[in-house]
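To start, the structure under review is shown below, and the notes come after it.
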Amino acid sequence: MSSPTTPDVEPFDAVDVIRTKRDGGAVAEDALRWMVDAYTREYVADSQMAAFAMAVLLNGMTRDEIRVMTDAMIASGERMSFAGLGKTTVDKHSTGGVGDKITLPLAPLVAAFGVAVPQLSGRGLGHTGGTLDKLESIPGWRAALSNDEMFAQLRDVGAVICAAGSGLAPADKRLYALRDVTGTVEAIPLIASSIMSKKIAEGTDSLVLDVKFGSGAFMRDVDRARELARTMVALGTDSGVATTALLTDMNTPLGLAIGNANEVRESVEVLAGGGPADVVELTVALAREMLALAGQPDADVEAALTDGRAMDAWRRMIRAQDGDPDAPLPAPRETHTVVADREGVVTALEALPFGVAAWRLGAGRARAQDPVIHAAGIDLHVKPGDRVAPGQPVFTLLADDEHRFARALDALDGAWTIGDEAPARSPLVRERITA
Ligand code: URA
């Protein structure tokens, strides 16, 4: 006679956890840890986790619940450590925006001060571009590194921008995909725990967050962006990662280039001591924050941009990943320039439609498996506040196929305006948030 097998007994019930959150209660630590673990094991069904995510969206989470949720997602995968590196590590995370290429000049700039910058990045989906997509416009450049290669590059070069391995916070990967299709992406506790679980699992000593608000940002509203920033700063701090955040304006695209290859070109201009003022301003502001957390509050960041130190670090970083920093970048086969129809001053360039238009031109992808067209995107010729004459170029669309221009131009209908009065200037960096 065969002996009966006893099924493993689960210590909690997903329905109880869902009901607690639905009714506005706080879920006990062990129950919440179990929920995340059981979801990762596929014991808790997508439908149950979706109901739980909706209850969180509607009723929120306490600071303690968010900490436990984050911790449980970290525990679902590998945790990296740079302890043997002999250098302090500092990372930056941006919530994403249009023309946001700041990671490219920032990582080598900070590394030029002897600090290690491990930037585990992603590919873009939707209207905000992905850092890896941009760098992949450089001939030969390789995004996938082993942990040993990453460690060696951090030791020898100081900066590494590479693909985040699938081992970091796998629970988040499942949950994020589920939130995407259940209208629950916007829950601040879930965004904060999603971002911070990956950053804490990465093992950085300190972290600077660029939390964007405005039309081209994930959070349109500055108050919600502030709440997200405060939640993430608290999470990092509670986990022993020194964390600060800047709240930055994403109503207008950053810089003049929106795309991939053209954003690399603009980043190199910044590393050569030039580049658009807003890109330089944000790069310098974030570098100062990162270096302050790394114990160098008085570092002369601007000098490293103008004297070639940051550029040297960039060239070594690109070469270490088999890229050729001197190779020509892909150029578009077709271009279409839009000109001003009157004299006046540019009063607005709305970030979101420009992001959508660049995406429709092929710079971004609609599905995770789609390729991006590296030469596609938009070059702006003016920014809000600039005076224009009739016939003067305002922006140029870049694509490999002229049939893409019509849909991009549809997205841009009403997205830019020329008026008589210069617009009020609003600061790019709105607030600094510390623990
Ligand atoms: N980015 C993430 O990694 N997670 C979110 O929930 C939102 C943005």
Residue under evaluation residue 146, criteria (1) polar (S, T, N, Q); (2) open to solvent by 10 Å² or more (accessible area, probe 1.4 Å); (3) within 12 Å of the ligand (Cβ to nearest atom), criterion not met: (3)
Single match in 96, 77 (criterion: open to solvent by less than 20 Å² (accessible area, probe 1.4 Å) and in a loop (DSSP other than H, G, I, E, B)): 96
Lone unmet requirement of (1) in contact with a Phe, Trp or Tyr (Cβ under 6 Å, 6 or more places away or on another chain); (2) under 30 Å from residue 350 (Cα atoms) for residue 203: (2)
Residue that is nearest to residue 379 (Cα to Cα) [pool: residues in the stretch 328-358 that are of a type in the set (A, V, I, L, M, F, W, C) and assigned to a strand (DSSP E or B)]: 338
Output for the stretch 174-195, where each listed residue is within 9 Å of the ligand (Cβ to nearest atom) and over 17 Å from the mean Cα position of the chain (by Cα): 175, 179, 187
Residue that is within 16 Å of the ligand (Cβ to nearest atom), part of a helix (DSSP H, G or I) and over 28 Å from residue 221 (Cβ atoms), where the choices are 109, 132, 154: 132
Scope the stretch 287-316; condition among the aliphatic types (A, V, I, L, M) and out of contact with any strand residue (DSSP E or B) (no Cβ under 7 Å at 6 or more places or on another chain); matching residues: 287, 291, 292, 299, 301, 303, 304, 305, 310, 311
Residue match in the stretch 317-327 (condition: open to solvent by 20 Å² or more (accessible area, probe 1.4 Å) and part of a helix (DSSP H, G or I)): yes
First in the stretch 307-334 and within 21 Å of residue 373 (Cβ to Cβ), second anywhere and charged (D, E, K, R), Cβ under 7 Å, 6 or more apart: 329/265; 332/400; 333/400; 334/400; 334/401; 334/402
Among residues of the stretch 162-172, those that are within 12 Å of the ligand (Cβ to nearest atom) and at pLDDT below 90, counted: 1
Residue in the stretch 339-372 that is nearest to residue 97 (Cα to Cα), counting only those that are β-branched (Val, Ile, Thr) and crowded, with 17+ Cβ neighbours inside 10 Å: 356
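The values are calculated or read from the model by the stated rules, or taken from the named source; none is laboratory data. Computed from a predicted structure; not experimentally measured. Reconstructed Cβ throughout: ideal geometry from the backbone, glycine too, with neighbour counts over all protein chains shown. Only protein heavy atoms, including side chains, enter the accessible area calculation; ligands, DNA and RNA are left aside. Shrake-Rupley method; radii C 1.70, N 1.55, O 1.52, S 1.80 Å.
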